[in-house]
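Written out below as structure tokens is the structure these notes cover.
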Amino acid sequence: MKLRLISFKLCPFVQRASIVLEHKAIEHEIVDVDLANPPEWFLKISPLKKVPLLLVGDHVIFESSVINEYLDEPSPKKLHPHDIVLRAKNRSWIESGSACMWDAFHLTVKETEKEFNEVQDGLLGKFDQLEKEKAINGSPFFNGNEFSLIDASYAPLLQRLEYINKIKPGVIDQKRHPTVNDWKDALLKLDIVQKSCVPEIKEIYYKQLWERQGFISRFLDKTKYSQD
């Protein structure tokens, strides 16, 4: 049975599930919807009116962390730690990653420098805690040398922060968070992460930043995006 992942091209939460599907080489179909004008069939089946959804026959699974655990459970080589305490800690950090994801979204819509800086400061504060946890093992992935669900959960966030940092440095602080920065670099080089999104993701992301006209849009090339 081929699974169907209901998606929006720029959604980082969808990308979490896409990474796991790629990692496990699970046959699936991606169905993109326009969240600004969602089709009626989507509104009928989506309890929260958002993506991702995973369609398993007649069943609808929603929330990216739940989808990823569903994809992981049947596999003999699981992406969640075997140790029950470590597994619970991973789930906690995945939840923290979701909060960071919303910070990354707010960075793109805040209209003033003051508001932008307030969100950035909050995000960097969360990364202070992440740095302490990640620095414990000093390995390429969160739990060691093996890729896991927590890596899949953070990769889309770190990818988007990398895009923002390219046009306005400071969102990623290499000196303040060197271990997290190394983790970012290791994740973004992975083939499964690169295949989890459309090839033109960076350009689409910047176009969305321009259309939102938040403070961050000032740092884009106006001649490239302006219709004037």
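Sorted largest first, the spans of the alpha carbon positions of the stretch 84-208 along the three principal axes are 43, 31, 24 Å. In percent, rounded to a whole number, the relative contact order of the stretch 14-80 is 31, using alpha-carbon pairs under 8 Å and six or more apart. Sites listed here are trypsin sites (Lys or Arg not before Pro) in the stretch 173-228 whose DSSP assignment is loop and whose Cβ has at most 16 other Cβ atoms within 10 Å: 175, 176, 189, 195. Overall size of the stretch 3-72 from C-alpha positions, given as principal axis extents largest first: 32, 25, 19 Å.
For the stretch 77-121, GluC sites (Glu not before Pro) meeting the loop criterion (DSSP other than H, G, I, E, B) and having at most 15 other Cβ atoms within 10 Å: 111. Would you give the gap between the C-alpha center of the stretch 105-120 and the C-alpha center of the stretch 167-204, rounded to a whole Å? Spelled out, the Cα-based centre of one part sits 20 Å from the other. Site pair residue 66 and residue 117 shows an inter-label distance of 4.1 nm when each label is modelled 7 Å from Cα along Cα→Cβ. I want to make sure I understand the PRE zone here: with the label point 7 angstrom from the Cα of residue 222 toward its beta carbon, which residues in the stretch 156-192 have backbone N atoms less than 18 Å away? Zone members listed by number: 167-168.
For residue 198 and residue 86, the FRET efficiency from 1/(1 + (r/R0)^6), where r spans their Cβ atoms and R0 equals 41 Å, is about 0.75.
Order by neighbour count: 54, 43, fewest other Cβ atoms within 10 Å first, most last.
Values: 54 24, 43 10.
Fewest to most other Cβ atoms nearby, the residues stand as 43, 54.
By other beta-carbon atoms within 10 Å, ranking 205, 154, 70 with the fewest at the front produces 70, 205, 154. Computed over the chain, the convex hull of the alpha-carbon atoms projects to a mean area of 13.3 nm². Where only DSSP H runs of four or more residues are counted, the chain gives -17000 deg cm²/dmol as its mean residue ellipticity at 222 nm, each run worth -39500 (n - 2.57).
Within the stretch 1-92, which GluC sites (Glu not before Pro) sit in a loop by DSSP and count at most 12 neighbouring Cβ atoms inside 10 Å?
Values: sites: 22, 27, 29, 40, 63, 69; in loops: 27, 63.
Counting only loop positions with at most 12 other Cβ atoms within 10 Å, the GluC sites (Glu not before Pro) in the stretch 1-92 are 27.
Membrane-span-like helices in the chain (whole DSSP H runs, Cα extent of at least 18 Å along the helix axis, mean Kyte-Doolittle hydropathy of at least 0.0): 84-109, 149-167.
Every read-out reported here was derived from the displayed coordinates using simple, explicitly stated rules and does not represent laboratory data. Predicted model, so just to flag it, every value in this text is computed and none were measured. Neighbour counts are summed over all protein chains in view; Cβ atoms, including those assigned to glycine, are modelled from backbone coordinates with ideal geometry.
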